[in-house]
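The values are calculated or read from the model by the stated rules, or taken from the named source; none is laboratory data. These figures come from a predicted structure and were not determined experimentally. Here Cβ is always computed from backbone atoms with ideal geometry, including for glycine, and neighbour counts include all displayed protein chains.
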Amino acid sequence: MDRGFAARLDASDPLAFARDRFELADGIVYLDGNSLGAMPRSVPGALSDAMHRQWAADLITSWNANGWWELPGRIGDRIAAMIGAGEGQVICGDSTSVQLFQLLTAACRLRPGRSVLITDGNSFPTDQYLADAVGRMLGLTVVRVHPNNLGEYLTEDVAAVAFSMVDYRTGELFDAAGITAAVHDSGALMLWDLCHAVGALPVALDDLGSDFAVGCTYKYLNGGPGSPAFAYIAARHLTNADLPLTGWHGHRAPFDLEQQFEPSATIERARIGTPPLLSMLALDAALDAFGGVDMAAIRTKSLALTDLVIMYADSELAGCEVSVVTPRAHERRGSQVALRMPHAYEVCQALIARGVIGDFRAPDLLRLGFAPLYLRYADVWDALVALRAVLTEGEFRRPEFAVRSAVT
Ligand SMILES: Cc1ncc(COP(=O)(O)O)c(C=O)c1O
C-alpha cells in the first residue's frame with residue numbers, strides 16, 4: 001500500500017466529478033464533514049439571490065412569489081428521497097434538539113400507560129438531555145441502554161426507544177432493522193437520530209417501519225453552519241402525533257388566525273414558527289451537490305475510504321499506541337474512523353496545523369469523518385502520512401497544541 005494505490009483509487013472513482021461541486025482550499029484535507037460539511041459552490045449564488053432579489057426586491061411577496069411558505073415541505077421531500085421515506089413525511093426546520101423534543105414527546109404520548117423511555121447513555125448529549133426533559137414533563141422513567149443490549153430491556157412498560165443510527169464517537173452503525181423490529185414486537189415506538197447517517201449511507205426509513213426520525217443538515221448534507229434540521233413522522237402517525245410545540249405554522253389553516261390550535265393533518269403539523277429562510281435557502285442549494293449521485297455509490301466510496309484508514313492504522317501506526325475503535329465489519333461501520341490514542345487532543349491540533357482537519361472527542365479519540373462527495377483517496381493518504389509524522393516525531397508535544405479552545 002502506498003500513495004500510488006490511493007491515486008489509482010482516485011483514477012477509477014465514479015464520484016470524482018463531485019469534488020468540483022465544492023469550494024475547498026488547496027492544501028487542506030477536510031476530515032470533519034461529519035461535524036460541518038464543506039461549502040457547495042451552489043450556495044453563495046443562491047444566498048445572493050435570496051438577499052438581493054427575493055428579500056431586497058420582492059420583499060414580503062416572496063412568501064408566495066418565491067415559494068418561501070412551501071420551502072420546509074419541499075426540502076423535506078428532497079431529504080425524504082435520501083432516507084428512504086415517501087413524500088409528505090419529512091419537514092425541515094428548527095434544530096435537531098427541538099425536533100427531538102417534539103418527536104420524543106409525540107412518540108411517548110402515542111403509548112399512554114407505558115412509563116419508560118429508552119435512550120442510549122453513549123449517544124450525543126443533546127439526545128440524552130432531551131429524553132430526560134421529556135421524561136420529566138410526561139412523568140416517565142428514562143433508562144439508558146446500549147443499542148446492542150436492548151433486548152432484555154424491552155418490556156411492556158416501554159413507550160419509546162430513541163437511538164442514533166451511528167454512534168457519534170465510535171462510528172458504529174447499529175442494526176437498525178433488528179432494533180426497530182424488536183421495539184415494535186414489544187409494542188413500543190422507534191425514533192432514529194440520523195445526524196451521522198443522512199447523506200453518508202443509505203437509510204430506508206419506510207422499509208424499516210421506523211415511526212419517527214430526526215437529523216441535522218449541516219454535516220453530510222453540507223447545509224452550512226446552523227442549517228435547519230428535519231423531522232420524519234411515518235404517514236400512519238401523521239393525524240394522531242400530538243406534538244408539544246404548537247406554533248402557528250403547524251395549524252391546519254395558519255392564516256385563518258384562529259384562537260385555538262388545530263393541527264394540520266399532514267406533515268405540516270410539525271412546523272412551529274417562522275423558519276430561518278436564509279439558512280433554508282442555502283440548504284436547498286447545497287442539496288444540489290447530491291444531484292445525479294446514488295447513495296449506494298456514496299456508501300461504496302465511504303467504505304473504501306474508511307478501509308484505507310483502518311489498513312494504514314494497522315500497518316503503519318502499529319507502534320504508536322493507536323487503536324481503531326470503529327467496527328471493522330462493513331455492515332457495522334458508519335462514515336468515520338475513530339482512533340483512540342494518548343494525547344488525542346494535542347495530536348488533533350498538530351494535524352490541523354498541517355492542514356489536516358479532523359476533530360477530538362473526549363477523552364481520547366481522534367475522530368476522522370469521510371464525506372465521499374469531496375474527498376480524494378490521495379488526500380486521505382497524505383493525511384495519514386501526516387498523522388504518522390505527528391505521532392512519531394513527537395510534534396504533538398509542542399505547548400501550543402495543548403491549549404484548549406471553547407470548541408473541541
Ligand atoms: C447524534 C446527534 N444529535 C444531535 C446533534 C446536534 O443537535 P443540534 O443540531 O440541536 O445542535 C448532534 C451534533 O453533532 C449529533 O451528533
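Could we say that D94 is touching a strand residue (DSSP E or B) at 6+ places or on another chain (Cβ under 9 Å), crowded, with 23+ Cβ neighbours inside 10 Å, of a type in the set (D, E) and touching a residue at least 40 places away in the same chain (Cβ under 8 Å) here? So D94 fits the description; yes.
Have a look at V183, V214 and point out the one that is within 30 Å of R19 (Cα to Cα) and at pLDDT 95 or above.
Working: V183 fails: within 30 Å of R19 (Cα to Cα).
Result of the check over V183, V214: V214.
Restricting attention to region 161-218, and to residues there that are of a type in the set (D, E) and part of a loop (DSSP other than H, G, I, E, B), which single residue is surrounded by the fewest Cβ atoms within 10 Å (Cβ to Cβ)?
Residue satisfying both the conditions and the ranking: D175.
Against the list (1) without any contact (Cβ under 8 Å) to a residue 60 or more places away in the chain; (2) out of contact with any strand residue (DSSP E or B) (no Cβ under 7 Å at 6 or more places or on another chain), the condition R3 fails is (1). Those residues that are loosely packed, with under 14 Cβ neighbours inside 10 Å and touching a Lys or Arg at 6+ places or on another chain (Cβ under 6 Å), I need them from region 37-91; list them, please. Those that are loosely packed, with under 14 Cβ neighbours inside 10 Å and touching a Lys or Arg at 6+ places or on another chain (Cβ under 6 Å): none in region 37-91.
Which of the following residues is crowded, with 18+ Cβ neighbours inside 10 Å and of a type in the set (D, E, K, R): R367, R404, R398?
R367
Selection of region 329-340 for residues being in contact with a helix residue (DSSP H, G or I) (Cβ under 9 Å, 6 or more places away or on another chain) and surrounded by fewer than 22 Cβ atoms within 10 Å (Cβ to Cβ) yields only H330. Residues that are touching a residue at least 60 places away in the same chain (Cβ under 8 Å) and either charged (D, E, K, R) or touching a strand residue (DSSP E or B) at 6+ places or on another chain (Cβ under 7 Å) (or both) within region 50-73 comprise P72, G73, listed in sequence order.
A quick yes/no check of all residues on (1) touching a Pro at 6+ places or on another chain (Cβ under 6 Å); (2) away from the ligand (no atom under 14 Å from the Cβ); (3) not acidic (D, E):
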site: T170; (1), (2), (3): no, no, yes
site: D175; (1), (2), (3): no, yes, no
site: A181; (1), (2), (3): no, yes, yes
site: L189; (1), (2), (3): no, yes, yes
site: D193; (1), (2), (3): no, no, no
site: H196; (1), (2), (3): no, no, yes
site: A204; (1), (2), (3): no, yes, yes
site: V214; (1), (2), (3): no, no, yes
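Could you say whether any residue in region 19-31 is within 16 Å of the ligand (Cβ to nearest atom), surrounded by 18 or more Cβ atoms within 10 Å (Cβ to Cβ) and either in contact (Cβ under 8 Å) with a residue 40 or more places away in the chain or not basic (K, R) (or both)? Taking every residue of region 19-31 in turn, at least one turns out to be within 16 Å of the ligand (Cβ to nearest atom), surrounded by 18 or more Cβ atoms within 10 Å (Cβ to Cβ) and either in contact (Cβ under 8 Å) with a residue 40 or more places away in the chain or not basic (K, R) (or both).
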